[in-house]
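Take a look at the structure below.
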Amino acid sequence: MAASEAVPYAKTGGLADVVTALAMELSRLGHRVTLLLPGYRGQTTQCVRREVMRFSIVMMETKAEVTVDEELLPVTEASHPLRVFLIRYDPYFDRPGIYQQDHHDYPDNLDRFTLFCRAVLHVLRTLTEVQGEAVDVLHLHDWQTALCSVYLRALPGQYKDLQSIKTLLTVHNLGYQGIFAAEEFGKTGLPPSLFSSSALEYYGSINCLKGGIIFADVVSTVSPTYAKEIITPEYGCGLEGVLSGRLDGILGITNGIDTKVWDPAQDSYLPARYTAENLAGKQVCKRALQEEFGLLKREVPVLGVVGRLTFQKGFDLLLEIIAELMSLDLQIVFLGSGDYELEQQLRAVQAECAENIGLHIGFDERLAHRVEAGADMLLMPSRYEPCGLSQLYSLRYGTVPIVRRTGGLADTVVPFRPSTVQSKSATGFWFTEASPDALLSMIMLALCVHKEHETWNAIMEAGMNKDLSWRRSARQYVEIYQAMAEK
Ligand code: ADP
């Protein structure tokens, strides 16, 4: 499995959680999994690290001396540990950021991830040829690894020895495609003929994800609804034609969560722990959250927001109704980082209503746990959401999600309706239109329902008791891997 992020090494969003949790669950199911990641700065873990490979890759005029470090991550209940290879080339990866610094992408991201992809294939070659290990499937995640499938299939002569390896490309977010100027094409080392509309060319630029979608043996995404959405112009981000051109379709497998890391009964980041049967600790978490964010300790619902500050997440919708929300009896806490404009707007509204709006700009994993636990409701008004993890964590923590009905949010939240209340299956609230009014109406409905303790508790309980583990989804991936390997 190759990815640009995985916990505990590097994380900017859900991808990092998904890659590690899936790899671990596959190990538990008895498969041998190796995770290949770039060796970024500051990736210290408790595991023993040793250098296992050293080779050079020629990139244009540069000869990059790559080293590969190995760590074995223990996986509970698995007979094999998860092997992690950190592919190191310090001029590219020993930097303060993963993709960017000071809100600007690194200008050499194409060089960085081209090198990573080529190094991944070099590692596979060493494993199969030198160490005699059989590799069945290379599971790729997002544009940063997509070129692996292009090299493998478009240059069969160069990678003759690896042709039996099948590639699965999972698209975690179509909004990030790895688009670069045409002049940079030479850096990929691919023949110029591949800079064409049937391969990597996209409106005059290079599009790494497009190449991956065309050349991967199988393409999947992270929820069934998103799989259907992305073949439409509304959600396809310009790649709907390429995606619907795949005769075998796009598979949609909903992400699970690591139920050990995200468990309110054992979470050491929380001031108190709790279960669906005994929720007293959640109240302690709420008080502590109000204090941590400097809010007035009032008996009002606290709404939490955790996420990357981007247009995708619908923060602008929320900002448009902030005045109306402040006229209601509630408090909001925001944890996020990203778009500079949104950061500034949030800072301004927080400064005006500091007693009822809490804000933490930055990436803070522990604080994310405390918001998930301490809030009463979680807001996710996403314009699109491939799967979404924050709402899954909130379900597990008894924090009722209010989400837009899109992608994985539609697949994982059972909306409040007379029928679902009666069957005790409702786990949250949906609104359909991506508008401030629709969001406001749904928050108001949730606030009304919150007053009816019995109904609210049933909603919390249904969410907390949901099986959100990786087991089912990991099995679906195994079925795909097996079908691919047998083809
Ligand atoms: P996406 O992958 O689009 O960012 P997800 O909801 O799938 O959205 O996953 C987001 C993940 O990143 C969750 O684990 C969430 O807790 C975490 N996260 C997002 N922003 C922050 C932040 N500022 N601090 C800590 N964790 C964050």
Part-to-part distance (alpha-carbon centres) for the range 180-202 and the range 203-235, which is given in Å: 18
For the range 319-401, the Cα convex hull volume per residue in Å³ comes to 107
Any idea how far the Cα center of the range 431-487 sits from the one of the range 24-87, in Å? 33
Please work out the Cα center distance from the range 308-332 to the range 3-19, rounded to the nearest Å. 27
Order these by the 10 Å Cβ neighbour count, fewest first: Ser220, Ser149. Ser220, Ser149
Just need the relative contact order of the chain here, percent rounded to a whole number, with Cα pairs under 8 Å and 6+ apart. 12
Dipole size in debye (nearest 20) for the range 173-242 around its Cα centre, Lys and Arg Cβ +1, Asp and Glu Cβ -1? 100
Out of all DSSP beta bridges in the range 167-276, what portion is antiparallel? Express it as a percent rounded to 5. 45
Rule-of-thumb Rg ratio for the range 141-284 [Cα; 2.2 N^0.38 Å; N residues]: 1.40
Rounded if a/c is under 1.5, else prolate if a/b beats b/c, else oblate: with a ≥ b ≥ c from the C-alpha gyration tensor eigenvalues square-rooted, which is the range 379-483? oblate
Taking +1 at the Cβ of each Lys and Arg and -1 at the Cβ of each Asp and Glu, which of Gln350, Ala227, Gln331 sits farthest along the dipole of the chain towards its positive end, judged by Cα position relative to the Cα centre? Ala227
Top positive-direction residue, dipole computed over the range 342-487 with Cβ charges, set Pro381, Val413, Leu439: Val413
Among 197-203, 7-13, how do they line up by average Cβ neighbours within 10 Å per residue, starting with the highest? 7-13, 197-203
Karplus (6.51, -1.76, 1.60) ³J(HN,Hα), θ = phi - 60°, over the range 150-155, in Hz, Gly and Pro reported as x: 5, 4, 4, 8, 7, 10
Computed for the chain: size of charge dipole around the Cα centre, +1 on C-beta of each Lys and Arg, -1 on C-beta of each Asp and Glu, debye to nearest 20, value 1040
Just how large is the dipole of the range 252-299 about the Cα centre, in debye to the nearest 20, putting +1 at every Lys and Arg Cβ and -1 at every Asp and Glu Cβ? 180
I'd like to know which of Leu296, Cys285, Leu317 lies farthest towards the positive end of the charge dipole of the range 253-378, counting +1 on Cβ of Lys and Arg and -1 on Cβ of Asp and Glu. Cys285
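For the range 1-94, what does the equivalent ellipsoid look like in terms of its semi-axes, each the square root of 5 times an eigenvalue of the Cα gyration tensor, given largest first in whole Å?
Each semi-axis is the square root of five times an eigenvalue, giving 25, 14, 12 Å.
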Qualifying aspartates and glutamates (Cα of each under 18 Å from Cα of Lys487; at least 8 residues distant if same chain): Asp136, Asp161, Asp217, Asp248, Glu479
XL table Lys160/Lys187; Lys228/Lys286; Lys11/Lys297; Cα-Cα > 26 Å flagged, in table order, is Lys228/Lys286; Lys11/Lys297
Kirkwood Rh over Cα pairs of the chain into Stokes-Einstein at 37 °C, 0.692 mPa s: D in µm²/s? 140
Would you compute, from DSSP H runs of 4+ residues alone, the mean residue ellipticity of the chain at 222 nm, taking -39500 (n - 2.57) per run and dividing by the full residue count, rounded to the nearest 500? -10500 deg cm²/dmol
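Where a number appears in this text, it was derived from the coordinates with a stated rule and is not lab data. Remember, it's a predicted structure, so these values are computed and weren't measured experimentally. Methodologically, a virtual Cβ is constructed for each residue, glycine included, from the backbone with ideal geometry; neighbour enumeration extends over all protein chains shown.
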